[in-house]
Amino acid sequence: MNQKRIAVSINLDWPLKRYHELYKGIQEYAKEHTDWLLVWDHFPEQRLKKCKTVPYYDGVIGRVKYEAYDEIKRLNIPVVNTWATNAIKDLTSVIVNFEKVAEMAADHLIKKGFRNFVLIDFRSSGTKQVFFKGFMNKVKPYGCPVKRYLISHNTDMVASLWNKFNDDFESWIKDWKYPLGIVVAMSSIGPKITSRCIESGLRIPEDVAIVSSGNDLSFCEGRHPTISSVDINYFQAGYESARLLDMKMRGEEPKEKTFFIEPRAFVARESTDSYAVQDKDVQLALRYISENYDDNIQVIDVVEAVDVSRSTLERRFQDIIGHSIYDEINRLRLSSVKRLLIETDMDIKNICKESGFSSSHHLRRVFFKDTGINPGEFRKKNQSSSS
């Protein structure tokens, strides 16, 4: 039996996490379940145009452009699209749930006490409306003011656009109210904003806290301050895309046309290491929890550190932050657990100790309530993409 040849149409010449992790996921599925020959071909239509009846490729996966789709349809080749803004309706697609990504970014800042927001996205981004919708879903119930700005994808490539961005930024900050939470839709925007903020004398994170999405390390950790980000599971997107293509190549048609990949976790860094809370007691409580959650602290420890009555602190904490002191402790512990499950091979017993849970049983119970799966399943689903 001849080896199946699969065209992988992804921008691998760009050193961006979303492309290379996507390809890793495709490779992993192919290695585990098929004997595919994966061919990186950013323009598969060029080879397919030469085919009369027998196609050069047995399947196509990735960024499916109109030119390629015409040839794919003509030759009846199974295809799965991974391009979030593809306008071709008759395609099986696996895309990131950018609405949930934006909700997670906004949620982190809200729980830090921020109530003034700025959202910055690329003008040409096909997902900007979905991202904006997710952001507003989270902040609207709080009645928070939001300013939205769009910039060019080519801002740092064209001198005139770079000058426009700098001029626009000077205009933007005249209307900003501090403390301010900024969410940028892509990791690559983050350093542009942090640099301009610092140049303008703004303190990060005291005046301005910044969150990006995508968690591309070259942008998020390449300079100080490091930038907090929503980690997107592009590996899982690639793996799922390959699974669906395999299904279609066996003659099975997926029940749905579009499959969404949920964001994996929030990665907190220096750019959000602050709390925008005017109430000094609540601010002190948040700081104490942030610095001691991994030391098996209880609510009573937080109360004693702040030195007010428990009922008063719990009431003010709930009113300002929107959830209880106990929930805040568990939120930070769960964030630590997820990070350790993804980034290390540490066993549950040691993760429990590192994250401040009193027992493995307690960890598993809280983790399942939050995610709907147990820690082992979470690690299996997510860890491969970080390796």
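So that you can scan it fast, the table gives a plain yes or no per residue for (1) of a type in the set (D, E, K, R); (2) assigned by TED's automatic domain parsing to the domain that holds residue 79; (3) free of Cβ contacts under 8 Å to residues at least 60 places away in the same chain:
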| site | (1), (2), (3) |
| --- | --- |
| 217 | no, no, no |
| 220 | no, no, yes |
| 246 | yes, yes, no |
| 251 | no, yes, yes |
| 259 | no, yes, no |
| 293 | no, no, no |
| 323 | no, no, no |
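Could you say whether any residue in the range 85-99 is without any contact (Cβ under 8 Å) to a residue 60 or more places away in the chain and closer than 30 Å to residue 325 by Cα? Yes, that holds for at least one residue.
Going by the structure shown, is residue 186 assigned by TED's automatic domain parsing to the domain that holds residue 21 and surrounded by fewer than 22 Cβ atoms within 10 Å (Cβ to Cβ)? Can you show your working first?
On the way: assigned by TED's automatic domain parsing to the domain that holds residue 21: no; surrounded by fewer than 22 Cβ atoms within 10 Å (Cβ to Cβ): yes.
No: the conditions fail for residue 186.
Within the range 67-89, can you find the residues that are part of a loop (DSSP other than H, G, I, E, B), of a type outside the set (S, T, N, Q) and touching a Leu at 6+ places or on another chain (Cβ under 8 Å)?
Once the filter is applied, which keeps residues that are part of a loop (DSSP other than H, G, I, E, B), of a type outside the set (S, T, N, Q) and touching a Leu at 6+ places or on another chain (Cβ under 8 Å), the range 67-89 yields 77, 78.
Of all the listed residues (98, 132, 114, 165), the sole one being of a type outside the set (Ser, Thr, Tyr) and over 21 Å from the mean Cα position of the chain (by Cα) is 165.
Using the structure shown, decide if residue 232 is crowded, with 22+ Cβ neighbours inside 10 Å and under 25 Å from residue 355 (Cα atoms). Break it down into steps so the answer makes sense when it comes.
Numbers: crowded, with 22+ Cβ neighbours inside 10 Å: yes; under 25 Å from residue 355 (Cα atoms): yes.
Spelling it out, residue 232 is indeed crowded, with 22+ Cβ neighbours inside 10 Å and under 25 Å from residue 355 (Cα atoms).
Per this entry, residue 348 is counted among residues that are farther than 22 Å from residue 25 by Cβ and either surrounded by fewer than 19 Cβ atoms within 10 Å (Cβ to Cβ) or hydrophobic (A, V, I, L, M, F, W, C) (or both).
Checking 66, 19, 56 one by one, the residue that is surrounded by fewer than 22 Cβ atoms within 10 Å (Cβ to Cβ) and under 22 Å from residue 251 (Cα atoms) is 56 and no other. Within the range 256-295, the set of residues being assigned to a loop (DSSP other than H, G, I, E, B) and modelled with pLDDT of 90 or more comprises 256, 257, 262, 269.
Working carefully through the options 196, 203, find the one that is part of a loop (DSSP other than H, G, I, E, B) and assigned by TED's automatic domain parsing to the domain that holds residue 170. Can you show your working first?
On the way: 196 fails: part of a loop (DSSP other than H, G, I, E, B).
Among 196, 203, only 203 is part of a loop (DSSP other than H, G, I, E, B) and assigned by TED's automatic domain parsing to the domain that holds residue 170.
Taking into account only those residues within the range 78-120 that are polar (S, T, N, Q) and surrounded by fewer than 23 Cβ atoms within 10 Å (Cβ to Cβ), which is farthest from residue 256 (Cα to Cα)?
Initially, the range 78-120 is screened for residues polar (S, T, N, Q), giving 81-82, 85-86, 92-93, 97, 116.
Next cut, surrounded by fewer than 23 Cβ atoms within 10 Å (Cβ to Cβ) only: 85-86, 92-93, 97, 116.
Numbers: 85: 17, 86: 16, 92: 8, 93: 9, 97: 15, 116: 39 Å.
Across the range 78-120, the extreme among qualifying residues is 116.
When we screen 152, 160 for residues that are of a type in the set (Gly, Ala, Ser), surrounded by fewer than 20 Cβ atoms within 10 Å (Cβ to Cβ) and in contact with a Lys or Arg (Cβ under 8 Å, 6 or more places away or on another chain), the only hit is 152.
The values are calculated or read from the model by the stated rules, or taken from the named source; none is laboratory data. Because the structure is a prediction, the values reported are computed rather than measured. Positions of Cβ are backbone-derived with ideal geometry, glycine not excepted, and every protein chain shown enters the neighbour counts.
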